[in-house]
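*Asks:* Below are the structure tokens for one structure; questions will follow.
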Amino acid sequence: MPCERKPMRYDHSEGHTEVCYDDSGRFIVTCGNDGDVRIWESLDDDDPKFITVGEKAFSLALKNGKLVTASSNNTVQIHTFPDGDPDGILTRFTTNATHVTFNSSGSRVAAGSSDFMVKVVEVSDSSQQKTLRGHEAPVLSVTFDPKDDFLASASCDGSVVVWNVDEQTQVISWPLLQKTNDVSNAKSLCRLAWQPKTGKFLAVPVETKVHLYERGTWDHVSTLSDDLLTQPINVVAWSPCGRFLAAGSVGGALNVWDASSKLCVERQKHEKGFTVCGLAWHPSGSQIAYTDTEGCLGLLDGLSTSTSTTSTSTTKQVAEKKPANDFDDLFDDDDDRLMDEGLSDTNSPAKKPAAVDDDDDDDFLVPATGRVRNRAILDDENSLDTGSLKLGRDKFGEDDDDAGSAVMPAAAAPLVPLRPVYDGPMPTPPQKAFQPGSTPAHLTHRFMMWNSVGIVRGYNDEQDNAIDVEFHDTAVHHAMHLTNSLGHTMADLSQEAVLLACPSTDELASKLQCLHFSSWDTNKEWMVDLPKDEDARALCLGQGWAAVATSALMLRLFSIGGVQREIFSLPGPVVCMVGHGEQLLIVYHRATGFDGEQALGVQLLQFGRRKRQLINGEPLPLSRRSYLSWLGFTAEGTPCYVDSEGVIRMLNRSLGNTWTPVCNTRETCKSKSDHYWVVGVHENPQQLRCIPCKGSRYPPTLPRPAVAILPFKLPLCQTATEKGQMEEQFCRSVLFHNHYSFLSSSGYEINEDGRSQSQKEQQELLMKMFALSCKLEREFRCVELAELMTQNVVTLAIRYASRSRRMALAQRLSEIALEKANQMQEEEEEEEEEEPEYSRRTSGYGQSGRHGNRRNQEEEEEQGEELREEEDGGQEMETEEPAETRRPAKVGRANPFKVLGSGKPSSSSGQPRVTNILDNMTSSRKSSPLSGAAGKQSKGPVLKPLAPRPKTKTQSTLLQMTGTKASNKKTPENAEPAADRQKQPDVPPPSAPAENTENKRPKTGFQLWLDENRKNITADHPDLEETDVIKEAMGRFRTLSADERLSWTERAKGQTGDDATDLKKRKRGGAGGGGGGGEEEDGRTDADENSAKKKKSLDPSSKLSAFAFNKS
């Protein structure tokens, strides 16, 4: 169907226009924004007749000598045609009518309005009206069923509705369109069209395709599409014969499809690429008149629809029997012009061969990627694609003077050299460069930049061309108003400067302008002209530097003061780039994408004293058929980006610089047409700062949009379950706190409290998952979780497992605890080898680490509080330690696993500090003869898990063959304590530190009472073990009156210093004296003391002592 595109002519003032033919096809009738209806005898008519219908005319329809118009005075008027005499007002609305149409007979008019209503009015009697209510937004278009039973309407609420006119009810509604709040904001006018005569199909433009719905069943039976269409279709119109469907799109594309074969038989392009908003067929079917949003009128002439009147036959019959002069009708014009992608502005070569011979020669060199698949309609051995036919015709010098010229007959086709036909995926148009945090450049009022520092707004209207800079924190700088005389289109904003850039013109080069407002001198502005034929495509600011990427695939780096520092080539055309501190993130096109995909690459560079490239040209992952919509850094300096599907991805440095999806904003959107415009990301606290946009992808400048905060959520499996929720929280916590290690390695100060809090949060989640896995009897999973825990939390896991009577699990966990202890010991030994001044470092280490990690351990103990039994031992624990041996400011919750064996101050030990909890737990679980070593106490605070201390006999038992490696590496001043530690494993446990314990740890009231009443208890219950004896003693001690218990406590307090020594001597005398008796008594006393201290962990420790750390 070759046709000629006539040059366009001025029709109306700029704005929406519509067009139609009269019944005879003699006149072309148009209306426009100037309020006139013009009647053209032809496209060349220089003096058309006009009718003024109002201030603006929005729509028109013409039938049976009646001209109906929708004007800006909220009325639908009727005039005679062609005289143009007013014939009254058909109906009124409360606001503008948006579209009017006649039924097939011309007896009724339907009108849709911005007040959400559709009215059907009888032309002969306007008092007979029917109102169709149900739309929830302005109506976009209306169309009558040719049989006058139904009416279809499209609305800004996203729906296309079919109405029963007589019953005034909805027959069916399809949610097909994006929602908007007004016709002016709609992506498409969605002009519906019902197939004439039979009314079998309703054509609905949806994005870049046309859906055909069958009358009666209302099923979606087929779709008309074209791979070269990239912009939404605005308007569709059926040919009078009902076989062909024409469509005009937002991007200016004009397509004609054969509805029966679904083939695109004609493809033209608006000469300037303006939006087509009006479309009408000539009654003969030989012409299509169209109008655009700039007020111009155009014509496609020479369309042949004669085949619509002939009987169709099989494709083979068509190929063999069709006359040669009708051969062109079998093929679409795109093939006839041989791979020019249907976008050439020249006319069809069939019409004007002389004017396009050179172009055709060039077109042969164009790769066949522009071909639309499955266009061939011949299926026999003689069939060829029309590109081959055209090639053969040109090659052998055949004439094609007019549209009916003969094409090579099918019999001669095999003589033509065949060209391969590309049938693979179609290339994707590369996305244009943009500034993250900016709205489109064609808007008169737009955001040039919105980031964490402030907002840059651009105004380019009739009154003003200016730039406003506003800071979120006015302490950085006051707001600025800049005249935009150079026409800057790009901007970036930092704590130091504002960076602007403008494209080049015929006279001026592209310029880069920087307002360095933080400069301490008076000259705060500098400007640079880029080389000729080099335009700025993207720019960004960092800490002390500015960068601009250009159309010459160059990146130019400047200091913030204007010194040119670096220049290097980019691997591909830049898409966007951002800076943060010393980091520069660049995204560019690394290749051509196919099937709607963008092939982007990413580079991450770090400046500073040692410049380096962290990511070198890796592919940037995007969602399917999406493009990049925002790129930036979190406030903590982690790169992240958003694609058009609303998926936010963040760099995972701990996993080899991979990209992890952390949020999908589409899940929060209420409507398909709603979006979130991202302005900032924070890792601590975890916040996604964005602006909700109703029916749009970006916000308006006025009124100032409100920023919303969205939570992050990793797309893990089964996040509705408790297990999935905790796994998601744990993975997210780990990912969002990776920045601590990066910042510390880069030399930045970090918040230690925040880091410890994040570690605590992760360990809590691990413990909860461990408990859940225990309940589900997933012991292997429990061990996997324990591998991720710190040693302190593994201790809690062991206690939980023992309480849950999972002895095999507890045994495996104890092995993990030992491995972690050995690992930490080796790490600390390596640190000792690296640091010669060991004593100074160790003492400093103990001082600095004591406070933070004591608190951490107490917090971890609190995590396990739900796993422990409630006991009343806290009061007795307070009475065990006299005031002289504690530091009240440092002692928190008393922990039975911490109190025993807290060791000496940080003077001389290579023993890992984190093993204390595990070691203490071992000490407290030993039986009486083995517990003497645990009593070796110093005058320091009781709860000191971080202080390194000499290795005890019990620790040697725990670590078994690990020995005392660290003791051989001590400096001379630590030689004596190290020697003591080496001797301790060989000393019999009962006699090791008894004397020292007696002198430094006076007995409590309960211990004195137990010493005197132990024989009575054992006599009453001879079968009790030591722990049960203490339990029974505690029970009896509690039954005493408050006065009696107080007296025992007073007696204990009175026995200090020499009194305690005298008491010891008297006990030795009573026992028979002698060294052996003394040792036995010391061992027993020490065991009693140790046993008294175990009263807070009786049940769990007694269960675990049978297997976890059994010396035998």
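The values are calculated or read from the model by the stated rules, or taken from the named source; none is laboratory data. Just so it is clear, the structure is predicted and the values come from calculations on it, not from any experiment. Quick reminder, even Gly has a Cβ in these numbers, built from the backbone with ideal geometry, and neighbours come from all protein chains shown. The area values use the complete protein model at the heavy-atom level, side chains included, leaving out ligands, DNA and RNA. Shrake-Rupley method; radii C 1.70, N 1.55, O 1.52, S 1.80 Å.
*Asks:* Report the extension gain between E1026 and S744 in nm, rounded to one decimal, defined as 0.36 nm multiplied by the number of residues separating them, less their alpha carbon distance. All intermediate terms of the calculation are to be shown ahead of the outcome.
*Replies:* Numbers: separation 282, 0.36 × 282 = 101.52 nm, distance 5.12 nm.
Result for the pair: 96.4 nm of gain on full extension.
*Asks:* Go ahead and collect, in residue order, the members of segment 206-245 whose backbone nitrogen is under 12 Å from a label point 7 Å along the Cα-Cβ direction of K197.
*Replies:* 239-244, by backbone N distance to the label point.
*Asks:* Still on this structure, please answer the following. Using 10 Å bins from zero, what percent of all Cα-Cα pairs in segment 415-530 falls into each bin?
*Replies:* Spelled out per bin, shortest first, that is 12, 36, 27, 9, 7, 6, 3, 1, 0.
*Asks:* With labels modelled as points extended 7 Å from the Cα through the Cβ direction, what inter-label distance (nm, one decimal) is found for H472 paired with H445?
*Replies:* Result: 2.3 nm between the two label points.
*Asks:* Here's a follow-up. Based on the mean of other beta carbon atoms within 10 Å per residue, what is the order of 266-275, 479-488, most packed first?
*Replies:* On the way: 266-275: 19.6, 479-488: 14.2.
Descending mean neighbour count gives 266-275, 479-488.
*Asks:* Any number yet on Rg/Rh for segment 652-708, C-alpha, Kirkwood? The partial results should precede the final answer.
*Replies:* Details: Rg = 13.8 Å, Rh = 13.0 Å.
Value, to two decimals: 1.06.
*Asks:* In the structure shown, do any of K63/K179; K66/K119; K432/K713; K187/K269; K187/K713 have a Cα-Cα gap over 24 Å, and if so which? Spell out each step's value before the answer.
*Replies:* On the way: K63/K179 33 Å; K66/K119 18 Å; K432/K713 30 Å; K187/K269 19 Å; K187/K713 31 Å.
Among K63/K179; K66/K119; K432/K713; K187/K269; K187/K713, the Cα-Cα distance tops 24 Å for K63/K179; K432/K713; K187/K713.
*Asks:* Treat each spin label as a single point 7 Å out from the Cα along the C-beta direction, and report the E462 to S1041 distance in nm.
*Replies:* 10.3 nm
*Asks:* Sticking with the crude label model, points 7 Å out along Cα→Cβ, report the distance from L508 to S126 in nm, one decimal please.
*Replies:* 5.4 nm
*Asks:* Now for a different question. So, for segment 424-518, what is the accessible surface per residue at a probe of 1.4 Å, expressed in square angstrom? List each step's numbers first, then the result.
*Replies:* Working: 4280 Å² over 95 residues.
The answer is 45 Å² per residue.
*Asks:* Expressed as a whole number of Å, what is the distance separating the alpha-carbon centroids of segment 225-253 and segment 142-188?
*Replies:* Spelled out, the Cα-based centre of one part sits 19 Å from the other.
*Asks:* If R0 is 51 Å, what FRET efficiency do you get for A479 and T52 from their C-beta distance, rounded to 0.05?
*Replies:* Values: r = 47 Å, r/R0 = 0.92.
Here the calculated transfer efficiency is 0.60.
*Asks:* Given a Förster distance of 30 angstrom, what is the FRET efficiency for F568 paired with T658, based on the Cβ-Cβ distance and rounded to 0.05?
*Replies:* Details: r = 25 Å, r/R0 = 0.84.
For F568 and T658, the calculated efficiency is 0.75.
*Asks:* Given the Cα-Cα distance of D423 and S756 and 0.36 nm per residue of separation, how much length would full extension add, in nm?
*Replies:* 114.0 nm
*Asks:* So, with a 1.4 angstrom probe, what is the percent of accessible area on segment 7-79 that is carbon and sulfur? Numbers along the way, then the final one.
*Replies:* On the way: 1260 of 2890 Å².
Result for segment 7-79: 43 percent of the exposed heavy-atom area is carbon or sulfur.
*Asks:* Averaged per residue, what accessible surface does segment 685-792 expose to a 1.4 Å probe, in Å²? Don't jump to the answer; show the numbers that get you there.
*Replies:* Values: 5860 Å² over 108 residues.
So segment 685-792 comes to 54 Å² accessible per residue, rounded to a whole number.
*Asks:* Let me ask something else about it. I'd like to check one number: the per residue accessible area of segment 54-206, probe 1.4 Å, reported in Å² as a whole number. Don't skip to the answer; put the middle values down first.
*Replies:* On the way: 5790 Å² over 153 residues.
Solvent-accessible surface per residue comes out at 38 Å².
*Asks:* Further question on the same structure: Distances over 22 Å make up what percent of all Cα-Cα pairs in segment 593-741? Each step should come with its number before you reach the end.
*Replies:* On the way: 5028 of 11026 pairs.
In whole percent, the share of Cα-Cα pairs in segment 593-741 beyond 22 Å is 46.
*Asks:* Computed from the mean reciprocal separation of all distinct C-alpha pairs, what Kirkwood hydrodynamic radius does segment 591-676 have, in Å?
*Replies:* One over the average 1/r among Cα pairs gives 14.3 Å for segment 591-676.
*Asks:* Calculate, for M527 and D301, the FRET efficiency according to 1/(1 + (r/R0)^6) with r their C-beta to C-beta distance and R0 41 Å; round to the nearest 0.05. It would help to have the intermediate numbers written out before the result.
*Replies:* Numbers: r = 52 Å, r/R0 = 1.28.
Efficiency, rounded to the nearest 0.05: 0.20.
*Asks:* Which value in Å is the Kirkwood Rh of segment 1-81 over different Cα pairs? Intermediate values should be presented prior to the final figure.
*Replies:* On the way: mean 1/r = 0.0762 Å⁻¹.
It works out to 13.1 Å.
*Asks:* Could you calculate, for segment 496-653, the ratio of the Cα radius of gyration to the Kirkwood radius, expressed as Rg to Rh? Show your work: numbers first, answer last.
*Replies:* Details: Rg = 16.2 Å, Rh = 16.5 Å.
My calculation puts Rg/Rh at 0.98.
*Asks:* State, in angstrom, two size descriptors of segment 133-211 derived from its alpha carbons: Rg to one decimal place and Dmax to the nearest whole number.
*Replies:* 12.1, 35
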